[in-house]
Each structure stands twice: as C-alpha cells, then as structure tokens.
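Asker: This is the structure, below, for whatever I ask next.
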Amino acid sequence: RCGGIPFLIHNVVHRLGPGTIPANRTDVDRVFDEFVRDRDASSALTHLVTRIGPYYGDDEKLAMQVLDHLAVTDAAATVRSIHSALKLELGDRDRLTSVVDNLVDDHYLVTTPEGIAWRYEVLRHVWFVRRRL
C-alpha cells in the first residue's frame, strides 16, 4: 500500500499501533487513507503538489493538468491521448511533450511500453486525494 516508501510505511505502522500488528489489508488501507487525508500528519507530502509552480513556471498549469488527467484516468496514456483529453491546440504538442519529459525527469511519471503513467501508484493516490480529484 505504501509503495515501498519508508516514510509512508513508518507512518502507517505507527498509526496501526502495537495492538493491530500483524494487520490485515483493510486496516492498512484505512490508516493509510487517514494519514494521507490528515494534512498536518502528512505535511511532508505537500511538496509533491506545491513544488510544481516554482519549478515549472509558465508551464505550471499544463503540468498540473497532465498529472490530474493521469491521476483520474488510472491508466497509461500517450502524448496524443493527453493532448486530445486536455483539448489543447495543435501547436501545443511540442510544449506538452516537453512538460511530460520534465515530469518524467522529475520522477512523477514514467514511460512504459503501454504509455505514460504515474511512476509510483502510491503518489498518484496522494495526488488524487490532495487535489480533491
């Protein structure tokens, strides 16, 4: 559930407490969701969402739209399908490709034979929750 990320694992185990270990999948899902939705407890994850503006400048809105789209579709996509889904102008394809490349380089996304997708499912979920998608 935590994508192998130690920070997330630690927080889930801490929230489970000694009386629930070993825990079942339902318990883990419940406390993980509580942790992600508790903006104070999971404040270290806020950077995932807030860093886009300072690093992407004029491309902030497009980067956020790409990440939002991939967070809600829950499937790999192509630049062509993202371009179409976001209803971008024909001339925006090169800009979109550049933004997607930057999101891959920044470890938000990954390119697979199936297409472009979130690199870490757990962070896709955090994005989904934090952006209230």
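Asker: Name the long-range amide H neighbours of Ile116: under 5 Å, sequence gap of 5 or more, or other chain; modelled H, no Pro or chain starts.
Answerer: Close amide H contacts, sequence-distant or interchain: Ala77, Thr78.
Asker: A further question follows. For Arg1 and Leu90, what is the calculated FRET efficiency with R₀ set at 30 Å and r taken between the beta-carbons, to the nearest 0.05?
Answerer: 0.15
Asker: Could I have the simple spin-label model distance between Val129 and Asp40, label points 7 Å from Cα toward Cβ, reported in nm to one decimal?
Answerer: The two pseudo-label positions are separated by 1.6 nm.
Asker: Now for a separate question. Quick one: accessible area per residue over the chain, 1.4 Å probe, rounded to a whole number of Å²?
Answerer: 58
Asker: Just to be sure I understand, if you calculate log10 I(q)/I(0) by the Debye sum over Cα atoms at q = 0.12, 0.14, 0.17, 0.21 Å⁻¹ for this structure, which of (i) -0.52, -0.67, -0.90, -1.22; (ii) -0.44, -0.60, -0.89, -1.34; (iii) -0.45, -0.60, -0.84, -1.19 do you get?
Answerer: Recomputing log10 I(q)/I(0) by the Debye sum over Cα atoms at q = 0.12, 0.14, 0.17, 0.21 Å⁻¹ here picks out (i).
Asker: Which order, highest average first, do 121-129, 62-70 follow once you tally other Cβ atoms within 10 Å for each residue and take the mean per peptide?
Answerer: By packing density, highest mean first, the sequence is 62-70, 121-129.
Asker: Continuing with the same structure: Please report the relative contact order for the chain, taking Cα pairs under 8 Å with a sequence separation of at least 6, and give it as a percent rounded to a whole number.
Answerer: Taking the mean separation of contacting Cα pairs over the length of the chain, I get 26 percent.
Asker: Which value in nm describes the separation of the simple spin-label points at Glu121 and Val49, placed 7 Å from the Cα toward the beta carbon?
Answerer: In this crude label model, Glu121 to Val49 measures out at 2.2 nm.
Asker: A follow-up question, please. Would you calculate the separation in nanometres between label points at Asp106 and His10, each defined as 7 Å from the Cα along the Cα-to-beta-carbon direction?
Answerer: Roughly 2.5 nm, to one decimal.
Asker: With θ set to phi - 60°, apply the Karplus curve 6.51 cos²θ - 1.76 cosθ + 1.60 along segment 86-100 and write out the HN-Hα couplings as whole Hz, x wherever there is a Gly or Pro.
Answerer: 7, 6, 7, 6, 4, x, 8, 4, 5, 5, 4, 4, 5, 5, 4
The values are calculated or read from the model by the stated rules, or taken from the named source; none is laboratory data. Only a predicted model underlies this, so the values are computations on that prediction, with no experimental measurement involved. Here the Cβ is made from the backbone with ideal geometry for all residues, glycine too, and neighbour counts use every protein chain on show. SASA here: full protein model, heavy atoms, side chains in, ligands and nucleic acids out. Shrake-Rupley method; radii C 1.70, N 1.55, O 1.52, S 1.80 Å.
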